[in-house]
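The values are calculated or read from the model by the stated rules, or taken from the named source; none is laboratory data. None of the values given here were measured: they were computed from a predicted structure. Backbone-built Cβ (ideal geometry, glycine too); neighbour counts: all protein chains shown.
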Amino acid sequence: MPKKDITEKGAVVQRDGETFAIVPRIPCGYITDFSVLKRIAEAAERYGARAIKITSSQRIAIIGIKEEDLDRAWSDLGMEPGAAIGQCVRSVKACPGSSHCKLGLQDSLQVGIELDARFANMPLPAKMKIAVSGCPMDCAESHVRDIGLIGSKKGFTLYIGGSAGAVPRLAEALEEAVPPDQAMERVARIIDLVQTLGRKKRLGAIVEEMGMETIRQRLGLS
């Protein structure tokens, strides 16, 4: 009988039905301690992984770990599981922003890392994806996330209700010119509303049912 995901160990069963992928937590895919990469490579070799995959969500997945090796692999890594599975806030995606990119208008990386630290892995009625882009080029794909922030010269434009799933949906603008130091509070309000509503639906479906004006009123933005 094929195995199932082991959520508490951050382990995603693979196509063979026997082995797992594990995804160490690397906020926004940003690494300044280069020994992290060495530990990941060493764990992959030690436990006979089949591959290491850089995912579309800026995570590094170690693919092909046996169930009996999961605990030892995590111990050797010395890292928490990334928010890759389960009904929760997934790991936040962010572009380099004004920290590194010549086109960056806002520090999307700093905002993204702060959001990840506060919200990633937070249980919710349905999964939620968040992205932060430093300019309208939207390299972090904020338009297709449940909550997206896109930088401009005046701050961030806040979008909600996007999805890149089987039924794609473009996010809708909720508020413009959000100061960077208020981004956390805005996202917290949205997540609090989702928790209060308790609906087992992605945010886009909730927006379609309630309408943007009602959402704004519930968030105290109109």
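Assorted remarks:
- Residue within segment 59-68 that is hydrophobic (A, V, I, L, M, F, W, C), assigned by TED's automatic domain parsing to the domain that holds Ser142 and more than 14 Å from the chain's Cα centre (by Cα) present: no
- Residue check for Glu209: at pLDDT 95 or above, surrounded by 16 or more Cβ atoms within 10 Å (Cβ to Cβ), of a type outside the set (A, V, I, L, M, F, W, C) and farther than 19 Å from Val89 by Cα: no
- In segment 1-38, residue surrounded by the fewest Cβ atoms within 10 Å (Cβ to Cβ) [restricted to those that are out of contact with any Gly (no Cβ under 7 Å at 6 or more places or on another chain) and among the basic types (Lys, Arg)]: Arg15
- Considered as a group, the residues in segment 175-206 that are more than 18 Å from the chain's Cα centre (by Cα) and within 21 Å of Lys153 (Cα to Cα) include one that is surrounded by the most Cβ atoms within 10 Å (Cβ to Cβ), and that residue is Val178.
- Qualifying residues in segment 131-182 (those that are touching a Leu at 6+ places or on another chain (Cβ under 6 Å) and β-branched (Val, Ile, Thr)) - the one nearest to Gly204 (Cα to Cα): Ile160
- Options Gln110, Gln14, Gln87: the member that is closer than 30 Å to Glu176 by Cα and over 14 Å from the mean Cα position of the chain (by Cα): Gln110
- So Ser99, is it without any contact (Cβ under 8 Å) to a residue 40 or more places away in the chain, of a type in the set (Gly, Ala, Ser) and loosely packed, with under 13 Cβ neighbours inside 10 Å: no
- Residue match in segment 92-108 (condition: farther than 20 Å from Met184 by Cβ and in contact with an Asp or Glu (Cβ under 8 Å, 6 or more places away or on another chain)): no
- Some residue of segment 142-153 being among the small types (Gly, Ala, Ser), under 21 Å from Pro96 (Cα atoms) and in a loop (DSSP other than H, G, I, E, B): no
- Flag if Met137 is out of contact with any strand residue (DSSP E or B) (no Cβ under 6 Å at 6 or more places or on another chain) and farther than 25 Å from Thr214 by Cα: yes
- Qualifying residue in segment 155-165 (condition: on the phi > 0 side of the Ramachandran plot, touching a Pro at 6+ places or on another chain (Cβ under 7 Å) and surrounded by 19 or more Cβ atoms within 10 Å (Cβ to Cβ)): yes
- Meets criteria (assigned by TED's automatic domain parsing to the domain that holds Ala171 and farther than 17 Å from Asp181 by Cα) for Asp138: yes
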